[in-house]
Amino acid sequence: MTSKEKVMRALRHEPGPVPVDFGSTGVTGIHVSCVAALREHYGLPRHPVRVCEPFQMLGEIEDDLAGALGSDCTGVGGRTTMFGFPNEGWHEWRTPWGQLVMVPEGFRVRSDAGGDQYLFPQGDVDVPPSGHMPASGYFFDAIIRQEPIDEERLDPADNCVEFQPLTEADRAHWRAEIARVQGSTRSVTGGIGGTGFGDIALVPGPFLKHPKGIRDVNEWYVSLVERRDYVHQVFSHQCAIALENLAEFARIASDKIDVLFVCGTDFGTQNSQFCSVATFDDLYAPYYRRINDWVHQHTTWKTFKHSCGAMRPLLNRVIECGFDIINPVQCSAKGMEAAGLKADFGDRLVFWGGGVDTQQVLPFGSPSEVAAQVTDRLETFSPGGGFVFNTIHNIQARTPTANIVAMVDAIQRFNDRGG
Amino acid sequence: MPQLPELTAALAAGKRAETTRLTQELLAAGVAPQSIIEDGLVPGMALIGEQFKRNEIFVPEMLVAARAMKEALKFLEPLLAQAGIKPKYTAVIGTVRGDLHDIGKNLVSTMWRGANFAVVDLGTNVAPERYVAAAKEHGAQIVGLSALLTTTMPAMKETVATLREANLPGVKILVGGAPITQLFADEIGADGYAADAGTAVDVARRLVGDAA
């Protein structure tokens, strides 16, 4: 059975070996420092690892490492990064924690006296930076560049500038990406951007040189209550563009991808969801439904929704909107216990994640504690399919290599003994 | 003349314009600023905190209420300062070094202000020594540490150790943030842990011996 077949069985909710994902998306990856450590551990050729996603500083999972980790998935990424520059023209960069990595040509940083790093949108050092990594940090956060808000002049078009029809450069990129994965024995996840509604990582527009509209995170959340018409207008425009772009992408990708990453908007905090069910129904569901309906009517793809946090009260709505897959399944959040989720939603939703807790057990537990939790989650989530193993969100910096290896070995043992 | 319960209700409903208008009308009618805060705004924020704890409202509604209170306080704080009236307790708060996340920290800050604590907000990426200096300078009874990231949990531990070494009598340390647990708080020697912004008020009050 190929990796792709393993994933497809799981997506069809059929029993079988548990497929694994490390690195097919920007929310199922591994920090570049851990990628280098894993390459070292598995005795793979040494070289500076590429930072394929500079916002979270995710490292490229090359084919050899994917094999060592037992990953069954791969991804086709966007043409540009979260900071608006293309993922090409690689050069070396020494990180604040002393690691030599490869970054794209457009990755241009400046340091301040304290060693904090500032990254520039589209690689343009003549505009204010849009990313900030503290000297003791391991990834970037968006710098809020909110112009003063004049309620009378707020124009939803200002929050729509990032939602544009695909360009010829985009089409060429996607053709090349699809050609790259064509014939892969791994399952392929793709995403074209612009289908995530109100993703708070994207609201500040770290890829824009001069973002306008509502770009402050708090201001955006306030807008969900006080400026709902504005948000509807943004989402409506965004959805129309996204559907056009998906049609183009479908012509290029066809059945060469299996899963479409739709949206990374977080609907949960550690203890509760981010919005009421009524708000979800009014503000998000109509657009999600349009995207998912189109995908299911015109392609064979399964749709992937990422949302951190305690969002159990919203999961029925997620299913009703047509999503097939939920990630990262944050079992450490309130109400998100694995067994309960599997019992209540497991026949209708694929859990792509939930494999091990990245807040406590994976970074701070012992290898045996990691193995125990991984085995427990495999036993809970795998019956009847509907489970793709992934950690709960990306593996973070400072996670002990021994713990990651313990996780990989536990998955291998589980699958070797037939589940 | 409007009544204080109207102000409480307006704030609890997140009605910014109405909260501001009622505050101004109450002032114009001669109600003492301290009473407007303690008998109008503080109960309103307490209601908000309770609703948040019960998952009846969520972060966006909290932020809206926080703005309403902040706008009302703009009218009241200068008058209190003129009269030399200060809140009974002072808290210093910040997100620990290496961590730039502030939504949770801001919510706690707002809820503490809403409970009539003076709050000195140090922002994000705060070095341990800055907490110590601010606690000394402002005579704080509470120091609040926030961290969203697993990678910055060690910085929280380091900050608690630095505060302990500084030997600040009467200062209680309260920690919180997504990956933080009561167990971790105990391990690093914090005095209190709050899972959410509403609870942070209860814990802070308990720590200063002012439990409601």
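What follows is calculated from the coordinates using simple rules that are stated; it is not laboratory data. Because the structure is predicted, anything quoted here is derived from the model rather than measured. Ideal geometry is used to build each Cβ from the backbone, glycine not excepted, and the neighbour counts take in all protein chains shown.
How would you order B:68-76, B:142-150, A:130-138 from highest to lowest mean count of nearby Cβ atoms within 10 Å?
Per-residue mean Cβ counts within 10 Å order the peptides as B:142-150, A:130-138, B:68-76.
Once you charge only the Cβ atoms, +1 for Lys and Arg and -1 for Asp and Glu, what is the size of the charge dipole of the stretch B:89-207 about its Cα centre, to the nearest 20 debye?
220 debye
Count charges around A:ASP357 for me, please; just the other residues with Cβ under 13 Å from its Cβ, Lys/Arg as +1, Asp/Glu as -1.
Combined, the nearby Lys, Arg, Asp and Glu give -2.
Kindly state, to the nearest 0.05, the FRET efficiency for A:ASP150 paired with B:ALA161, given R0 = 56 Å and r defined as their beta-carbon distance.
Plugging the Cβ-Cβ distance into 1/(1 + (r/R0)^6) gives 0.75.
Report, by chain and number, residues whose modeled amide H sits under 5 Å from the one on A:GLU53, excluding near sequence neighbours (fewer than 5 apart, same chain).
So A:GLU53 has HN proximity to A:LEU58.
For A:VAL188, enumerate residues with amide H under 5 Å from its amide H, sequence gap 5+ or separate chain, H modeled in the peptide plane.
A:THR74, A:ASP258, A:VAL259
Given the Cα-Cα distance of A:GLU40 and A:TRP90 and 0.36 nm per residue of separation, how much length would full extension add, in nm?
Details: separation 50, 0.36 × 50 = 18.00 nm, distance 2.14 nm.
Full-extension gain reported as 15.9 nm.
Could you work out the mean count of beta carbons from other protein chains within 10 Å of each residue's beta carbon in B:175-185?
Values: counts 0, 1, 1, 9, 9, 2, 4, 0, 1, 3, 0.
Per-residue shielding by partner chains comes out at 3.
Give the relative contact order (percent, whole number) for chain A; include only Cα pairs under 8 Å separated by 6+ residues.
Averaging sequence separation for qualifying contacts and normalising by length gives 19 percent for chain A.
For the stretch B:89-207, what does the relative contact order come out to in percent, with C-alpha contacts under 8 Å and a separation of six or more?
29 percent
Could you tell me the largest-minus-smallest coordinate of the C-alpha atoms of the stretch B:89-207 on each of the three principal axes, in descending order and whole angstroms?
Each principal axis gives a Cα extent; for the stretch B:89-207 these are 33, 28, 24 Å.
What residue among A:LEU260, A:LEU69, A:LEU44 shows peak mean-square fluctuation when chain A is described by a Gaussian network model with Cα springs under 10 Å?
Maximum fluctuation in the GNM of chain A, among the listed residues, is at A:LEU44.
At 0.36 nm per residue, and after removing the present C-alpha to C-alpha distance, how many nm does the segment from B:ARG206 to B:ALA83 gain when stretched out fully?
41.5 nm
Based on the alpha carbon coordinates of chain A, what radius of gyration and maximum Cα-Cα distance (Dmax) apply, in Å?
Computed over the Cα atoms of chain A, radius of gyration and Dmax are 20.5, 65 Å.
If the only charges are +1 at each Lys and Arg Cβ and -1 at each Asp and Glu Cβ, what is the size of the charge dipole of chain B around the Cα centre, to the nearest 20 debye? If you can, show how the numbers build up before the last one.
Details: 20 positive and 23 negative charges, 46 e Å.
Around 220 debye, computed over chain B.
If R₀ is 45 angstrom, what is the calculated FRET efficiency for the pair A:ARG251 and A:HIS47, using the beta carbon separation as r and rounding to 0.05?
0.80
Once the dipole of the protein assembly as shown is set up with Lys and Arg at +1 and Asp and Glu at -1 on Cβ about the Cα centre, which of A:GLN373, A:LEU283, A:PRO148 lies farthest towards its positive end?
Working it through, the farthest residue towards the positive pole turns out to be A:GLN373.
In debye, nearest 20: dipole of the stretch A:6-84 around its Cα centre with unit charges on the Cβ of K, R (+) and D, E (-)?
Dipole size: approximately 100 debye.
In the protein assembly as shown, with Lys and Arg counted as +1 and Asp and Glu as -1 at Cβ, which of these residues, A:GLN56, A:PRO121, A:PRO363, has the Cα nearest the positive end of the dipole, that is, farthest along it?
A:PRO363
GNM, chain A, Cα, under 10 Å: largest mean-square fluctuation among A:GLY384, A:GLY115, A:GLY264?
Answer for the Gaussian network model of chain A: A:GLY115.
Return the distance in nm (one decimal) between the two label points of a simple spin-label model at B:ALA133 and A:ASP64, each offset 7 Å from Cα along Cα→Cβ.
4.9 nm
Compute a Gaussian network model of chain A, connecting alpha carbons closer than 10 Å, and tell me which residue from A:ASP293, A:ASP357, A:ASP72 fluctuates the most.
With Cα springs under 10 Å in chain A, the top fluctuation among A:ASP293, A:ASP357, A:ASP72 is at A:ASP293.
Put +1 on the Cβ of each Lys and Arg and -1 on the Cβ of each Asp and Glu in chain A; which of A:ILE325, A:MET1, A:LEU224 then has its Cα farthest toward the positive end of the dipole?
Of the options given, the answer is A:MET1.
Calculate one ³J(HN,Hα) per residue across the stretch A:339-346 by plugging θ = phi - 60° into the Karplus curve 6.51 cos²θ - 1.76 cosθ + 1.60, and present them in order as whole Hz with x for glycine and proline.
4, x, 5, 4, 5, 8, 10, x
What is the set of long-range amide H partners of A:ILE30 at a cut-off below 5 Å, with H atoms built 1.01 Å from backbone N?
Those qualifying (amide H under 5 Å, at least 5 residues apart or on another chain) are A:GLY59, A:ILE395.
What is the sum of charges around A:THR299, taking Lys and Arg as +1, Asp and Glu as -1, for the other residues whose C-beta is under 11 Å from the C-beta of A:THR299?
+1
Using a 10 Å cut-off around each Cβ of peptide B:146-153, what is the average number of partner chain Cβ atoms that fall inside?
5
Give me the net charge for the shell around B:ALA65: Cβ to Cβ below 10 angstrom, other residues only, Lys and Arg +1, Asp and Glu -1.
On the way: positive: B:LYS15, B:ARG16, B:ARG67, B:LYS70; negative: B:GLU61.
Surrounding charge for B:ALA65 is +3.
Mind listing the phi-derived Karplus ³J(HN,Hα) values for the stretch A:247-258, rounded to whole Hz, using 6.51, -1.76 and 1.60 with θ = phi - 60°, and x for any glycine or proline?
My calculation for the stretch A:247-258 gives 4, 5, 4, 5, 5, 7, 7, 6, 8, 7, 10, 10 Hz in order.
Tell me what the protein assembly as shown gives for mean residue ellipticity at 222 nm when only DSSP H runs of n ≥ 4 count, each as -39,500 (n - 2.57), the sum divided by the residue total, rounded to 500 deg cm²/dmol.
Mean residue ellipticity at 222 nm (helix-derived): -12500 deg cm²/dmol.
Counting partner chain Cβ atoms within 10 Å of every residue's Cβ in B:57-70, what's the average?
5
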